[in-house]
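Just below is one structure, and these are the notes that go with it.
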Amino acid sequence: VIVTPPSSELILTAAIVGAEITRKQTPWLPITAREIADEAARCRDAGAAVIHLHVRTADGAPSQDKGLFAEAIAAIREKTDVIVQTSTGGAVGMGGEERAQPLLCHPEMATLNCGTLNFGEEVFENPRPLIRDLCKRIREAGSVPELECYEVGHIEEALRLHAEGVLTGPLHFQFVLGVPGGIGAREEVVRFMMSQIPPGATWGVAAVGRHQRPMTELAMRLGGHARVGLEDNIYLDKGVLAEGSAPLVARAAAYAKTVGREVVDPARARQLLGLPG
Ligand code: KMH
Ligand code: ZN
């Protein structure tokens, strides 16, 4: 089923943890299950319908451990009704088995990274057999994939998987812009990427660092959805740390209103994204 959202409705995603940001960079990074759940609830209150979730070990290291995900998801569930979208990207250098672990928690959504790229000074490896394997596992877990595209060719890859029948159900693309080594964060890039996806597919923009605000605001003007949060950007303004992801969500929600977009709650987001729930 491919669902077309009425263009006024907007799904905000909060990427509240990530795998790269450290407590040294910002004291506002949530690490424990309780901190993650508190931040998820604050983001929900600010307008987020989806939480893009990574977890950390007690010392703050990125992890794809099933138990840590189960704990974080349970803590979130106790507090709020957000859609939980677990990462299958993990951190650069993790193997496929490790990256797939959160799927054992049967999350409502999970990311599917659609190609390999240079990721800063490292390489984020997503060879085609791994993409296929993770795609199948996402489906077997009963989760809906979000298609992370850091390059135009990654959209092609997703469409190929769809044509082959490996990728089934609703198509939801996330254009991830401005990763050093990936496609740039520019208006013409968003316009081109959105032109490449089939009618009825949904799409959103995530952009790193200083690009987060202008690119997500552009997406909101162009009818797309938007992701903000500390995973991609820790600053509210130049040199001013965001006190968690919720202030970034609140600012995006306020902007949405000014351009006639209606921020939806998780129940409506489930319908727009074609989630079973
Ligand atoms: N941490 C990045 C290497 C995802 O969550 O699916 C990959 C990432 C993508 O964050
Ligand atoms: Zn992520």
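Couple of notes before you dig in:
- Phi angles across region 130-137 convert, under the Karplus curve 6.51 cos²θ - 1.76 cosθ + 1.60 with θ = phi - 60°, into 3J(HN,Hα) values of 5, 4, 4, 4, 5, 4, 4, 5 Hz, Gly and Pro given as x.
- Ranked H154, H211, criterion: other C-beta atoms within 10 Å, fewest first: H211, H154
- Here's how it looks for F119: its modeled amide H is under 5 Å from those of F124, which are all 5 or more places away or on a different chain.
- The residues S245, S63, S195, S8, when put in order of fewest to most other Cβ atoms within 10 Å, stand as S195, S8, S63, S245.
- Classification of the chain by its C-alpha gyration tensor yields a rounded form. The axis ratio a/c (a ≥ b ≥ c) stays under 1.5.
- Pairwise label distance in nanometres, K238 with R160, each label 7 Å out on the Cα-Cβ vector: 4.2 nm
- Cβ-to-Cβ counts within 10 Å put M109, M215, M194 in ascending order as M194, M109, M215, the fewest first.
- Once C-alpha pairs closer than 8 Å and six or more residues apart are averaged by separation and normalised to the residue number of the chain, the relative contact order reads 25 percent.
- In this calculation the C-beta distance from A267 to V123 is compared with R0 = 45 Å, giving a FRET efficiency of 0.70.
- Backbone amide hydrogens, once placed in the peptide plane, bring A242 within less than 5 Å of Y235, L236, excluding anything fewer than 5 places away on its chain.
- Rounded to whole numbers, the Karplus 3J(HN,Hα) couplings from phi for region 116-124 are 7, 8, 5, 10, x, 8, 10, 10, 8 Hz, using 6.51 cos²θ - 1.76 cosθ + 1.60 with θ = phi - 60°, and x at Gly and Pro.
- Helical contribution to [θ] at 222 nm, DSSP H n ≥ 4, -39,500 (n - 2.57), averaged over the chain, rounded to 500: -11000 deg cm²/dmol
- For the chain, built as a Gaussian network whose Cα springs stay under 10 Å, the top-fluctuating residue of L177, L130, L29: L130
- Rounded to the nearest Hz, the phi-derived 3J(HN,Hα) couplings of region 171-188 under the Karplus curve 6.51 cos²θ - 1.76 cosθ + 1.60 (θ = phi - 60°) are 9, 10, 9, 10, 8, 9, 10, x, 5, x, x, x, 5, x, 9, 9, 4, 5, where x marks glycine and proline.
- Sequence-separation-based contact order of region 186-277, relative, with Cα cut under 8 Å and 6+ spacing, percent: 20 percent
- Distance between the modelled labels on T26 and L222, one decimal in nanometres: 2.4 nm (7 Å Cα→Cβ projection).
- Part-to-part distance (alpha-carbon centres) for region 90-106 and region 192-258, which is given in Å: 25 Å
Every read-out reported here was derived from the displayed coordinates using simple, explicitly stated rules and does not represent laboratory data. It should be emphasised that the depicted structure is a prediction, and the values quoted were computed from it without experimental measurement. No Cβ is skipped: glycine too gets one built from the backbone with ideal geometry, and neighbour counts run over all protein chains shown.
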